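Notes to accompany the following structure.
Here, each number is a calculation from the coordinates, and none is a lab measurement. All of these numbers come straight from a predicted model, not from anything done at the bench. Don't worry about glycine lacking a Cβ; one is built from the backbone with ideal geometry, like all the others, and counts go over all protein chains shown.
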């Protein structure tokens, strides 16, 4: 054989040896027995091409044992392929996992087994086990509800305006600050207002003194009734002017009309504000409200005080209880909906106006009913059914579906709490099929540690189709 061809054959042999070794090591690390039939086939091809005395064949024989290479070998060495040689009993074609048999065909006790049986592999003396994932039937409350989307709003939101003209001298709050009713928000320049107030006080004192003198003189008949009435009117005018001056002085301090949170500020320190200018926007965050528009066909199912559960996008781990406070008696003819107003507590400031929410208005509740995961419910036309694990086999049980809530389905039928139902691995299942539970959803993993790919759970299809 030319030297070039010898080098090509040796390169091919080295590649086969490397690939076979890597494959075996990988399967060994994954605790999966190697495919000995495939290993033996590759070995035989290598031996035929290189000869039984070649170095590559010797390496494989030494690595995996036996004169036959991978899958072959002598009794007691790693890897026996009974299909290619006789067992010690003289039988040919002994299948993996069966070991030796008696002349009558019965398994011999203590026969050597080939590795460990995997999920789905042919068990001794029976049909193949189908690996499945299961969950248990639970018992809990299930609710029927009307689902809608909405946005949270402040129950009260107002704008604060300036009642006088002046320059802003003090700015006491910022956006986001919580204030109580009557708290001072800003202070305007009050010097002119204070002077006017002082002048009004002096004029009032003069008028009051003049009225006292007129009253005394009237008692002595020293002045006429007309002069007395003039003094009395002057006193009242002075009192009114004093009240106006006091009010103008008070207007230089802008206060909060209600308690709440400053949501917007539109004034700066040192700016001139005029009468009627909007300065702040103030909102009361507790409670909050949401307006929901419901189809008119649901009107009969709603009433004031009904419980509502709100889910907030930005707080997915919590749900918030609310209640219906107002139901509009008018249906919008353009949309065919009516307005329902819901109130909810702010939960210590967690909820804020503008948050997007999904609202579930509870219209009915079934207490302590049997519930399964939605993946367990299968369809046969319009008939719904489950596969329940009983005595190691999958048993088809026809059921009726009730309320559906959060990925769970209420089932009505001959099933009990705690029974296991198949949620994944429905393929090739029929009533009576022997199964092997490889994982319990929400429970412990099977002791065999069989690996199942994530995301294989089946979801029920619409009526008319069958879930696999």
A correct fewest-to-most ranking of 356, 228, 285 by other Cβ atoms within 10 Å would be 356, 228, 285
Spin-label pair residue 159/residue 347, simplified geometry with 7 Å Cα→Cβ offset, distance in nm:
3.3
Residues in the range 275-305, backbone N under 16 Å from the label point at residue 151 (7 Å along the Cα-to-beta-carbon vector): list them, ranges by number please.
289-293
Compute the Kirkwood hydrodynamic radius of the range 171-214, taking the inverse of the mean of 1/r over all pairs of distinct Cα atoms, and give it in Å to one decimal.
13.8
Quick one: 358, 241, 135, 334, fewest Cβ neighbours within 10 Å first, how do they rank?
334, 358, 241, 135
With label points built 7 Å along Cα→Cβ from the Cα atoms of residue 303 and residue 398, find their separation and express it in nm.
3.8
Divide the volume of the convex hull of the Cα atoms of the range 165-276 by its number of residues and quote the answer in cubic angstrom per residue.
114
Least to most buried among 404, 312, by other C-beta atoms within 10 Å and fewest first, runs 404, 312
With a point put 7 Å past each Cα toward its Cβ, work out how far residue 331 is from residue 44 in nm, to one decimal.
7.9
From the convex hull of the Cα coordinates of the range 201-332, what is the mean projected area in square nanometres?
18.0
In the range 225-258, which residues have a backbone nitrogen under 12 Å from the label point lying 7 Å from residue 217's Cα in the Cα-to-Cβ direction?
225-232
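Can you tell me the length gained on complete extension of the stretch residue 286 to residue 272, counting 0.36 nm per residue apart and subtracting the Cα distance?
So the extension gain works out to 1.7 nm.
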Which residues in the range 255-295 have a backbone N closer than 15 Å to a point placed 7 Å from the Cα of residue 180 along the Cα-to-Cβ line?
256-261
